[in-house]
Amino acid sequence: MLTLDAPALTGGVAEAIPPARRRLAVVLFNLGGPDSPAAIKPFLLNLFRDPAILRVPFFIRPLLAQIIARARVRPATENYAILGGKSPLLELTQEQARALEGVLSTDEVDARCFIAMRYWHPFALQAAAEVKAWDADEVFLLPLYPHYSTTTTGSSLSDWRDAAARVGLARPVTTLCCWFRDGGYVSATAAIVERGLAEARQTATAPLRVLFSAHGLPETIVARGDPYQFQIESTVQAVVERMAVPGLDWQVCYQSRATPQKWLDPSTEEAIEHAARDHVAVLVVPIAFVSEHSETLVELDVEYRELAEKKGVAGYYRAPAQNSDPRFIGALASAVQTARGRGTGMCSFAGPRVCPGRHRDCPMRLPA
């Protein structure tokens with residue numbers, strides 16, 4: 001008599017094959033930084049060759065980028081020497097990636113983070129090739145810039161589209177263009193500022209002023225419709241409201257001016273000088289940065305501290321960036337999950353466009 005093999009039984013029931021976990025590739029965009037002294041000049045050249053950064057006619061840009069990079073190599077080298085000759089940004093971003101993978105991965109989802117730096121390795125082309133080789137089911141683009149700007153997220157998105165096309169990566173894509181007022185991000189940031197404020201008050205001998213220091217932009221870029229300044233100020237307002245500290249003295253200021261143009265003001269230098277005249281101590285909060293790098297570890301911790309001491313500021317304190325703070329990583333994971341629930345395409349942290357109509361460079365269309 002002919003018999004067929006029966007399925008394996010356990011307790012009289014055929015063993016079910018577990019469904020495959022969906023592969024989610026989360027691409028983290030960041031600026032990047034030189035990984036050795038020899039990388040400083042090419043890093044600067046990549047930065048200033050970006051048309052989103054140096055907005056001059058294309059035939060002038062290569063020469064002007066060479067001139068600016070050459071002039072900045074020496075001071076940049078001195079700054080990175082303080083950090084051991086390299087930027088810590090890649091290692092800190094890798095730590096964030098591992099932490100985020102741990103929160104996003106579930107029985108149904110296998111999440112893996114890929115890093116796409118804009119101006120130094122690993123570049124978007126490498127990340128796109130790795131995502132394709134992993135055979136992801138879907139791609140999530142997550143800028144580690146909470147605030148959208150054409151100079152950061154906009155530039156990275158353009159770079160990613162080119163890279164994905166070059167390697168033939170075609171998968172469903174969800175893009176979170178900004179998360180500047182996401183509730184989890186605001187709460188995590190407020191908690192960091194509150195801790196910094198409490199620690200500063202233990203030794204401060206004068207009233208404290210909180211300086212929310214963001215990376216600056218030329219005013220012309222904002223005037224053309226870039227939403228960055230609006231989003232920075234909105235974040236700070238939300239953080240202050242979440243802290244709910246009675247009588248809190250605070251101010252938004254802008255650092256890291258890089259060209260001779262007029263940049264957003266007040267500058268952080270001006271805010272420090274005002275604090276000296278007002279006889280207050282300052283707690284500096286790096287509001288636009290979510291990991292430590294040269295603009296926090298050198299510009300804020302060394303250069304501005306020296307300026308504060310020179311001007312006679314009553315006390316100088318600095319709150320840390322988020323790095324891999326568990327509340328911050330949890331906020332990122334929640335933002336990813338919420339955006340994925342809305343389907344593919346581009347969205348803000350709230351879903352639709354949140355920038356007022358005057359910000360023409362917001363990547364999302366105005367509602368009909």
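Okay, here's what the table says:
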quantity	calculated
Fraction of beta bridges assigned by DSSP in the stretch 183-318 that are antiparallel (%, nearest 5)	5
Positive dipole terminus of the chain, leading residue within Pro260, Ala206, Val245 (C-beta point charges)	Pro260
Spin-label proximity, Asp278 to the stretch 192-209 - amide N less than 13 Å from point 7 Å beyond Cα toward beta carbon	207-209
Against the rule of thumb 2.2 N^0.38 Å, how large the Cα Rg of the chain comes out	1.11
Cβ-placed point charges (K, R +1; D, E -1), dipole of the stretch 183-318 about Cα centre in debye, nearest 20	180
Cα convex hull of the stretch 98-168, projected area averaged across orientations, nm²	5.2
Proportion of all alpha-carbon pairs of the stretch 132-265 beyond 20 Å (%)	58
Computed E for Gln251/Arg195 - FRET, C-beta separation, R0 22 angstrom, nearest 0.05	0.65
Interchain or long-range residues, amide H under 5 Å from Trp250's placed H	Val210
Contour excess over end-to-end distance, with Cα ends at Ser158 and Lys262 and 0.36 nm allotted per residue	34.8 nm
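None of the figures in this text is laboratory data; all of them are computed from the coordinates on show. Just so it is clear, the structure is predicted and the values come from calculations on it, not from any experiment. Please note: Cβ atoms are built from the backbone with ideal geometry, for glycine as well, and neighbour counts cover all protein chains shown.
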